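Student: First, the structure itself, so that you have it in front of you.
The values are calculated or read from the model by the stated rules, or taken from the named source; none is laboratory data. As the structure is a computational prediction, the values presented were derived from the model and not from experiment. Heads up, the Cβs are rebuilt from the backbone with ideal geometry, glycines too, and the neighbour counts pull from every protein chain shown.
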Amino acid sequence: MLFLSIEDTDIYTIFQHLSQFGIDFVRLLWQPKQFALEWLNNSSSRASFIEVVAWSLAIVFLFYGLYYLVFRSTPFDHLVQQDRSRSSSSYPTLSERSPKKLKPRIASLGFFRQYITQSSESSGYRREFTLSPLPSFEFPEFAIKGSQQPQTLVLNVGLLYIYIANIVPSNFATRRIQTILIFLYALITTLCFHPIATLFGTTVTTKEIFELTLVIYAYYFLLIALLVLFFSLIFFDLLKLKHTSDKFNLKLFIGSSIVNSLGFYILARSLFVSYSTFYSFSNFNTLITALGAIILSAVVCPLLFISASLLIIKLREIIEIL
């Protein structure tokens, strides 16, 4: 692994580092144990986590920019176009349909996700409870309001659902917000896994495991972005498939299921094998530590994201970015 210093500005050096970035990316996907060993044994010459994050974001913005130039749209535009026929009655009751204030605010906290269910005979409520070790994001009004209108953001963090009103989805596509999210995911994983790992005895420091985790999430972000781009290119642009709420499309369902399953498997495998190698744990100890980390995330994840949300809402400068 190579380190890109400020002095390395010639084209040859840049392409040399980019090729090494690609090699490390492939190695993490196919040989996570070898990747972790390289990271562990080459601390002086390996790429910095800042460089890996920067390369990942740059490549994503390059490919999505090229996609937009060719098709004059983004992969997420297809989701809006295909789902315009959905009724707003299927969305959570806390959606802000006509927000008078554009200032983001925490609208509600709860342990259950509430939906309005409606049929030809009756209507009612449906509640959903989920333990999410890592934060999940959802804009339930996205299909109606699109990516440019303020709307409710639903965060599932640990045991909690956090509803934040007046968030513009397109702002999540900015490089700054995506960098913050990569850092937050890596921080949550580290804070949940490392304390449990210390119970088995380890010389690995919090800084070392955080940097490794950050690099893994940066590569994972690149992988997911490319998978979504490939999915949109194949199913929407080439095959011209459509999916609406009143018509089930089996090909789209199979394709999206493959993307989601593949992404989850690669992330879980990369973290599990890399952590097992880095900590010198057996598979059993790593599994026990992972289960403990999932339980700990029920507390760490909400505390961290509630604090981050309040901080973002209070700071005027960051609010303007959002």
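Student: Checking the condition under 14 Å from Val60 (Cα atoms) and either in contact with a His (Cβ under 6 Å, 6 or more places away or on another chain) or crowded, with 18+ Cβ neighbours inside 10 Å (or both), which residue from Ile188, Ile182, Ile209 passes?
Tutor: Details: Ile188 fails: under 14 Å from Val60 (Cα atoms); Ile209 fails: under 14 Å from Val60 (Cα atoms).
Criteria check complete, one pass: Ile182.
Student: Here's another thing I want to ask about it. What do you reckon, is Ala268 crowded, with 19+ Cβ neighbours inside 10 Å, out of contact with any Asp or Glu (no Cβ under 6 Å at 6 or more places or on another chain) and at pLDDT 90 or above? Walk me through it before giving the result.
Tutor: On the way: crowded, with 19+ Cβ neighbours inside 10 Å: no; out of contact with any Asp or Glu (no Cβ under 6 Å at 6 or more places or on another chain): yes; at pLDDT 90 or above: yes.
Taking the combined requirement at face value, the residue does not satisfy it.
Student: Now, a different point. Please work out if Ile116 is touching a helix residue (DSSP H, G or I) at 6+ places or on another chain (Cβ under 8 Å), at pLDDT below 75 and assigned to a strand (DSSP E or B). First the steps, then the outcome.
Tutor: Details: touching a helix residue (DSSP H, G or I) at 6+ places or on another chain (Cβ under 8 Å): yes; at pLDDT below 75: yes; assigned to a strand (DSSP E or B): yes.
So Ile116 passes the test.
Student: Being at pLDDT 80 or above and either outside any loop (DSSP other than H, G, I, E, B) or within 30 Å of Thr213 (Cβ to Cβ) (or both) is the filter here; which residues of the range 146-160 pass it?
Tutor: Gln151, Thr152, Leu153, Val154, Leu155, Asn156, Val157, Gly158, Leu159, Leu160
Student: With the requirement that a residue be touching a residue at least 24 places away in the same chain (Cβ under 8 Å), under 21 Å from Leu181 (Cα atoms) and either in contact with a His (Cβ under 8 Å, 6 or more places away or on another chain) or not hydrophobic (A, V, I, L, M, F, W, C) (or both), what does the range 276-312 give you?
Tutor: Of everything in the range 276-312, those that are touching a residue at least 24 places away in the same chain (Cβ under 8 Å), under 21 Å from Leu181 (Cα atoms) and either in contact with a His (Cβ under 8 Å, 6 or more places away or on another chain) or not hydrophobic (A, V, I, L, M, F, W, C) (or both) turn out to be Ser297, Pro302, Ser309.
Student: If you take the residues in the range 286-311 that are of a type in the set (Gly, Ala, Ser) and more than 17 Å from the chain's Cα centre (by Cα), which one is surrounded by the fewest Cβ atoms within 10 Å (Cβ to Cβ)? Give the steps one after another, and end with the answer.
Tutor: Pass one, the range 286-311, residues of a type in the set (Gly, Ala, Ser): 290, 292-293, 297-298, 307-309.
When the remaining residues are screened for being more than 17 Å from the chain's Cα centre (by Cα), the result is 290, 292-293, 298, 307.
Numbers: Ala290: 19, Gly292: 16, Ala293: 23, Ala298: 16, Ser307: 10.
Across the range 286-311, the extreme among qualifying residues is Ser307.
Student: Let me ask something else about it. Search the range 23-75 for residues being small (Gly, Ala, Ser) and in contact (Cβ under 8 Å) with a residue 12 or more places away in the chain, and hand back the single one that is nearest to Tyr265 (Cα to Cα).
Tutor: Residues of the range 23-75 small (Gly, Ala, Ser): 36, 43-45, 47-48, 54, 56, 58, 65, 73.
Within this subset, residues satisfying the condition of being in contact (Cβ under 8 Å) with a residue 12 or more places away in the chain are 36, 45, 47-48, 56.
Working: Ala36: 18, Ser45: 29, Ala47: 25, Ser48: 26, Ser56: 20 Å.
In this case the residue turns out to be Ala36.
Student: So Ile50 fits all but one of (1) outside any helix (DSSP H, G or I); (2) among the hydrophobic types (A, V, I, L, M, F, W, C); (3) at pLDDT 70 or above; what number is the exception?
Tutor: (1)
Student: I'd like to know if the range 238-260 contains one or more residues that are surrounded by 13 or more Cβ atoms within 10 Å (Cβ to Cβ), modelled with pLDDT of 80 or more and within 30 Å of Phe200 (Cα to Cα).
Tutor: Within the range 238-260 (the criterion being surrounded by 13 or more Cβ atoms within 10 Å (Cβ to Cβ), modelled with pLDDT of 80 or more and within 30 Å of Phe200 (Cα to Cα)), the answer is no, since none of the residues qualifies.
Student: Just wondering, is there one or more residues in the range 45-57 that are farther than 22 Å from Leu226 by Cβ and exposed (fewer than 14 other Cβ atoms within 10 Å of the Cβ)? If you could, list the steps in order and put the result at the bottom.
Tutor: So the first thing to find is which residues in the range 45-57 are farther than 22 Å from Leu226 by Cβ, and the list is 45-46, 48.
In the following step, the residues that additionally are exposed (fewer than 14 other Cβ atoms within 10 Å of the Cβ) were identified as 45.
Looking through the range 45-57, at least one residue is farther than 22 Å from Leu226 by Cβ and exposed (fewer than 14 other Cβ atoms within 10 Å of the Cβ).
Student: Let me ask another. Condition first: over 14 Å from the mean Cα position of the chain (by Cα) and surrounded by fewer than 16 Cβ atoms within 10 Å (Cβ to Cβ). Now tell me which residues in the range 160-175 satisfy that.
Tutor: Ser170, Asn171
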